[in-house]
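Here is the structure we will look at.
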Amino acid sequence: MNAIEFTIVVALGSFFGGLLGSLTGLGGGVIVVPLLTLAFGVDIRYAIGASLVSVIATSSGAAAAYLREGYSNMRVGMFLEMATTVGAISGAILAARLPTPTIAIIFGVVLLYSAWVSSRERDDAPTDQPPDKLATRLRMDSTYPTAQGRVAYHVRRVPLGFVLMYIAGVISGLLGIGSGSVKVLAMDQAMKLPFKVSTTTSNFMIGVTAAASAGIYLHRGYIDPTLAMPVMLGVLGGALLGARILPGAKVKTLRIVFGVVIAAVAVEMMYQGLKGHL
Amino acid sequence: MSPDAAKPVAVDHRAETDLRIEMFLGHLLRLGVVLAALVVITGGVLYLNGAPSVIPDYKVFHGQPRALTSVPLIIQGSADFQPLAIIQFGLILLIATPVARVFFSIIGFAMERDWLYIGVTIIVLALLLHSLVGDVRILLNR
């Protein structure tokens, strides 16, 4: 295989990664990193660097489509960004210190968790939450559009959400993924945001979080241009196509099938990590 | 519409201002991504056009040369039409898109005179800039 063929194969693989990541809500990173390391034998540090830039491309590229709906809560997003950016910087620093097999094992664990979250039904938090003192003081309560007009909601448990967001940031910076599943956990389960508000706010946060660690990865030499180029373009193309066909797609079966595949990949990742191969 | 149907709110001015700013930012972000992708494609075509015969070795990590990790050197390399520097420059543009969004959010919060969130946004922006241009300081110290 020459360089041109390699570039095309990686771009195609990344395209399907971006497409599946967008349809299942897992994001491209969780597919691209195992693809590069397990199938192409790429060092996990290069894989993480390339994945991270594709995460930013997906987040920023999809922002306009998400924002049109008017669900995202900028105050919640920006406040929690303080936690995720500090987390992402810690994660990027940690990535340089941990041996790569350890990173592979952590990646496997996070993959398993993401697969479990995505195959599960998400239940929408009821909007009649009681007001929370801290959230009120931080002016986080807002409204979101529904069929019955704009509905008000109260934000709950800000400190717990903040801590979970820090962890999401560390995972993102360490593994080069968007860690949307942890962000959604923090906003859905802990802070009781309506489902659509947490999804759109999470999309905004994923890009900002990834940007915080991408700079560090760039300076460290983890971002290889010849690898990041096909990965970024492929994932972006796949994610944009995914966003376009998502409204009409039957994602339920896809999510379950894909959850099983991801779980198998996670086990392989951990096994290779334990053997010290990655 | 029944009056007690999940507390509908008549008009939410703050949400509407937010939405207007958000829409503008959304388009700005997409423009940034398109621009970044075009620059990356340009660099990629130049790189592949140079007919690289061997695939770079990704199996063993050796990091990138300084010319491809330092923001000022990448800009310099792009000006000299070096394919790999151009790709990196496109990737820097991409990394800058969420940073730009955070920057413009300050204006949004300023329009609402929301000092608390102006402060919060400045902290986030400072963290991002610290990570992105951290090496400028290293260059100055040398």
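The values are calculated or read from the model by the stated rules, or taken from the named source; none is laboratory data. Bear in mind the structure is a predicted one, so any value in this text is a computation, not a measurement. Glycine gets a Cβ as well: all are built from the backbone with ideal geometry, and neighbour counts include every protein chain shown.
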key: Filter pass, A:Gly49 being under 23 Å from A:Gly238 (Cα atoms) and either touching a strand residue (DSSP E or B) at 6+ places or on another chain (Cβ under 6 Å) or surrounded by 24 or more Cβ atoms within 10 Å (Cβ to Cβ) (or both)   = yes
message = Against the conditions (1) within 20 Å of A:Leu112 (Cα to Cα); (2) within 19 Å of the chain's Cα centre (by Cα); (3) assigned to a helix (DSSP H, G or I), where does A:Thr253 fall short? Just the number, please.
response = (2)
request  = For A:Lys192, indicate whether it is out of contact with any Cys (no Cβ under 7 Å at 6 or more places or on another chain), on the phi > 0 side of the Ramachandran plot and buried (at least 19 other Cβ atoms within 10 Å of the Cβ).
outcome  = yes
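For segment B:41-97, give me the residue count where each residue is assigned to a loop (DSSP other than H, G, I, E, B) and of a type outside the set (Asp, Glu). Don't jump to the end; show me each part of the working.
To start, the set of residues in segment B:41-97 that are assigned to a loop (DSSP other than H, G, I, E, B) comprises B:50-65, B:69-70, B:80-82.
After this cut, where a residue has to be of a type outside the set (Asp, Glu) as well, the list is B:50-56, B:58-65, B:69-70, B:81-82.
Qualifying residue count, segment B:41-97: 19.
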For A:Val231: the one exception among (1) more than 7 Å from chain B (Cβ to nearest Cβ); (2) more than 28 Å from A:Leu160 (Cα to Cα); (3) not in a helix (DSSP H, G or I) = (3)
task = Scan segment A:62-103 for residues that are basic (Lys, Arg) and over 30 Å from A:Lys275 (Cβ atoms) and jot them down.
result = A:Arg68, A:Arg75
key: Which numbered condition A:Val170 fails, given (1) buried (at least 22 other Cβ atoms within 10 Å of the Cβ); (2) at pLDDT below 90   = (2)
task = Say whether the condition of being of a type outside the set (Phe, Trp, Tyr), at pLDDT 85 or above, in a strand (DSSP E or B) and over 12 Å from the mean Cα position of the chain (by Cα) is met by at least one residue in segment A:129-136.
result = no
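Tell me yes or no: at least one residue of segment A:46-60 is closer than 30 Å to A:Arg139 by Cβ and outside any helix (DSSP H, G or I). Before you say what the answer is, go through the steps one by one.
We begin by selecting, within segment A:46-60, every residue closer than 30 Å to A:Arg139 by Cβ; these are A:55-56, A:58-60.
The next check asks that each one be outside any helix (DSSP H, G or I); those that pass are none.
No, segment A:46-60 contains no residue that is closer than 30 Å to A:Arg139 by Cβ and outside any helix (DSSP H, G or I).
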task = Could you run through segment A:26-75 and say how many residues are more than 7 Å from chain B (Cβ to nearest Cβ) and more than 30 Å from B:Gly63 (Cβ to Cβ)?
result = 6
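Here's the yes/no breakdown for (1) at pLDDT 85 or above; (2) at the interface with chain A (Cβ under 7 Å from one of its Cβ atoms); (3) under 27 Å from A:Ser51 (Cα atoms):
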site: B:Val40; (1), (2), (3): yes, yes, yes
site: B:His62; (1), (2), (3): no, no, yes
site: B:Leu68; (1), (2), (3): yes, yes, yes
site: B:Gly77; (1), (2), (3): yes, no, yes
site: B:Gln82; (1), (2), (3): yes, no, yes
site: B:Gln88; (1), (2), (3): yes, yes, yes
site: B:Ile107; (1), (2), (3): yes, no, no
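Do we have A:Gly161 as in a loop (DSSP other than H, G, I, E, B) and within 20 Å of A:Ser72 (Cα to Cα) here?
Values: in a loop (DSSP other than H, G, I, E, B): no; within 20 Å of A:Ser72 (Cα to Cα): yes.
No.
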